[in-house]
Amino acid sequence: MSPMTWILLAEAGMLLGLAVILVRGSRDTGLDKRVSERFAVLYARPRSSQTGTGWPDRLRRRYEDVLTRAGLRPDQRRLQTGATVSVLLVAYVALRHGPAAAAVVLFIGLLGFYALLQYRYKKRAELLLTQLPRFVDNLERSLAAGHSLQNALAQAAVLAREPLQGILLRVKANVELGSELGEQLQLAANTMAVKEFQLLALAMDVHQRYGGSIKALLHSVSAMVKQQEQARREFAALTGETRFSAWVLGLLPLLIAGYMMAMNPGYLDSMWNTEAGRNVLYLAVGLQAVGGMILWRMIKSI
């Protein structure tokens, strides 16, 4: 067999191995299953129950964190089904069109899935930032009324909206199961990887551990988040023309290539049938990918 075939078989084996590891690592005891059924809101188990230190356990936790961050529920049955369908699809493409086409399909599929997760996470993170000031205000009012931090957090969770509400409800459920409030807030904030939320969780954790007044700190965090959100919107409005120009420059070569294929398909076919033409096409695709990545990084940095 050719080297590309061996590479394809290795990738398929890796997918199957990943599915087996995640399915085996997700076997819970009867008590864990009953707890999971009762608290259906917990689509990510508390870290305190994830005591494994091996790389399969770390891989499974990483997988669950990525899906939780994107607002998806980690489901081992869906993972197993998706891995099986992916392997069958790649094998079918390999038999019909060759290993090279199968490798391209596999790469595009993984890249598309990763892009979907990143897109969902970015939208949820932006929405979470807009919800933090109102959440802090509700928390301050509950604390001023004489409630404890845990009760104030529970009341603020009822008034919040997704995605913040789901995060707070999971924290509340984990605390009711015996976990510490500060620890669960820190874990939830680290999973979402939003700096402002991490700062807020750190403030609550310090208050839980060492006591003291938290009202002034909450007010400072709320004011900081509001100022950053206002500055972010103003900056986005000022740089809108630059970002639009970057999108146009990135999509223009693809649009031109699509127009050429639609108007004169034989032009690219004649290039593909010669070695020099294929090298030129490979070079063009590589340059387009590098240029698109550079423009994407420029847009992201604005």
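The values are calculated or read from the model by the stated rules, or taken from the named source; none is laboratory data. Computed from a predicted structure; not experimentally measured. Ideal geometry is used to build each Cβ from the backbone, glycine not excepted, and the neighbour counts take in all protein chains shown.
Please go through region 256-282 and pick out each residue that is aromatic (Phe, Trp, Tyr) and under 36 Å from the mean Cα position of the chain (by Cα). Residues satisfying the conditions are TYR259, TYR282.
Give the residue that is farthest from ARG170 (Cα to Cα), with candidates limited to residues of region 180-220 that are not hydroxyl-bearing (Ser, Thr, Tyr) and not in a helix (DSSP H, G or I).
So the first thing to find is which residues in region 180-220 are not hydroxyl-bearing (Ser, Thr, Tyr), and the list is 180-190, 192-209, 211-212, 214-219.
Add one more test, that the residue is not in a helix (DSSP H, G or I), and what stays is 180, 193-194, 211-212, 214.
On the way: GLU180: 13, ALA193: 16, VAL194: 17, GLY211: 24, GLY212: 26, ILE214: 22 Å.
Of everything passing the filter in region 180-220, GLY212 is farthest from ARG170 (Cα to Cα).
Among the residues of region 245-269, the one identified as over 22 Å from LEU287 (Cβ atoms) and at pLDDT 80 or above is MET263.
With respect to the conditions (1) in contact with a Gly (Cβ under 7 Å, 6 or more places away or on another chain); (2) assigned by TED's automatic domain parsing to the domain that holds LEU129; (3) within 29 Å of ILE294 (Cα to Cα), ARG232 lacks only one, and its number is (1).
When we screen VAL290, VAL280 for residues that are under 22 Å from LEU111 (Cα atoms), in a helix (DSSP H, G or I) and not assigned by TED's automatic domain parsing to the domain that holds LEU129, the only hit is VAL290.
Just checking, does region 47-59 include any residue being modelled with pLDDT under 75, under 21 Å from GLU162 (Cα atoms), among the aliphatic types (A, V, I, L, M) and out of contact with any His (no Cβ under 8 Å at 6 or more places or on another chain)? Walk me through how you get there before you give the answer.
First, the residues of region 47-59 that are modelled with pLDDT under 75: 47-59.
Next, only the ones that are under 21 Å from GLU162 (Cα atoms) stay: none.
No: region 47-59 contains no residue that is modelled with pLDDT under 75, under 21 Å from GLU162 (Cα atoms), among the aliphatic types (A, V, I, L, M) and out of contact with any His (no Cβ under 8 Å at 6 or more places or on another chain).
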